[in-house]
1. Six or more apart or on different chains, Cβ atoms under 7 Å: show the pairs whose first residue is in region 88-111 and free of Cβ contacts under 8 Å to residues at least 40 places away in the same chain and assigned to a helix (DSSP H, G or I) and whose second is among the small types (Gly, Ala, Ser) and surrounded by fewer than 16 Cβ atoms within 10 Å (Cβ to Cβ).
2. Could you say whether any residue in region 147-164 is of a type outside the set (Val, Ile, Thr) and at positive phi?
3. Condition first: on the phi < 0 side of the Ramachandran plot, of a type outside the set (A, V, I, L, M) and surrounded by 10 or more Cβ atoms within 10 Å (Cβ to Cβ). Now tell me which residues in region 43-75 satisfy that.
4. Restricting to region 77-123, count the residues that are closer than 26 Å to residue 62 by Cβ and surrounded by fewer than 12 Cβ atoms within 10 Å (Cβ to Cβ).
5. Specify the residue that is surrounded by the fewest Cβ atoms within 10 Å (Cβ to Cβ); the eligible residues are those in region 129-154 that are of a type in the set (Ser, Thr, Tyr) and part of a loop (DSSP other than H, G, I, E, B).
6. Filter region 155-165 down to residues that are part of a strand (DSSP E or B) and among the hydrophobic types (A, V, I, L, M, F, W, C) and give me whichever is surrounded by the most Cβ atoms within 10 Å (Cβ to Cβ).
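Values quoted throughout were computed directly from the atomic coordinates according to the rules given, and no laboratory measurement underlies them. Computed from a predicted structure; not experimentally measured. Glycine also receives a Cβ, built like all others from the backbone with ideal geometry; neighbour counts cover every protein chain displayed.
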Amino acid sequence: MNDPLLLILVYSAFLALTLFFRGRALQGRWLFLLRSFLPNWRFYHRVGALPIMVVRSCGPDGHWSDWHGGMPRARRSFGQLIHNPANNRRLLDQSLIEHLYADLRDLSDPESLTGMVSYRLACELARSRALSDLPSAVQAQFEIRLIPPYGEASADTTILTSPVLATSACKTPHP
């Protein structure tokens, strides 16, 4: 058997397997760990709503800031073609929010949300964003909102509101 024929047979077998598993969710520990290499399982699936995180912070005076957030537009320069850690971090943060949204959609028990790794990482991301906006922040809170295609995020697009989180400046939330 020659090499081109073998490649065609392997490709045909691969197509047959993908058609067989089409529409089924592949489950497994190693497949779950593999998703950290991909920004989103449904990257090319369709254009849809985009989950974003908006954060607000509370200073020592007890005054809450407005909700702000989303992923700011990346600055571009010639040097960033080679080394671009800041924008890579922004993409990583957005990927985390998309994974949290996917976990929320697949969640069967709402009580198990706080034990999920994606939720805990989102809490840490909200704390760091709150402290970067207001270094003296003692509390933070975040919401996950869905932006419709070509739309704006608003309070009625909220799918998750976190409880009040203590920042590193204050370990227990104030009432």
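1. Going by the 7 Å Cβ cut-off, the qualifying pairs are 90/74.
2. Among the residues of region 147-164, at least one is of a type outside the set (Val, Ile, Thr) and at positive phi, which makes the answer yes.
3. The answer is 48, 51, 56, 57, 58, 59, 60, 64, 65, 67, 68.
4. Looking only at that region, the number is 1.
5. Applying the filter and picking the extreme gives 150.
6. From region 155-165, those part of a strand (DSSP E or B) are 158-161, 165; that's our starting set.
Next cut, among the hydrophobic types (A, V, I, L, M, F, W, C) only: 159-160, 165.
Details: 159: 14, 160: 16, 165: 18.
If we take residues in region 155-165 being part of a strand (DSSP E or B) and among the hydrophobic types (A, V, I, L, M, F, W, C), then 165 is surrounded by the most Cβ atoms within 10 Å (Cβ to Cβ).
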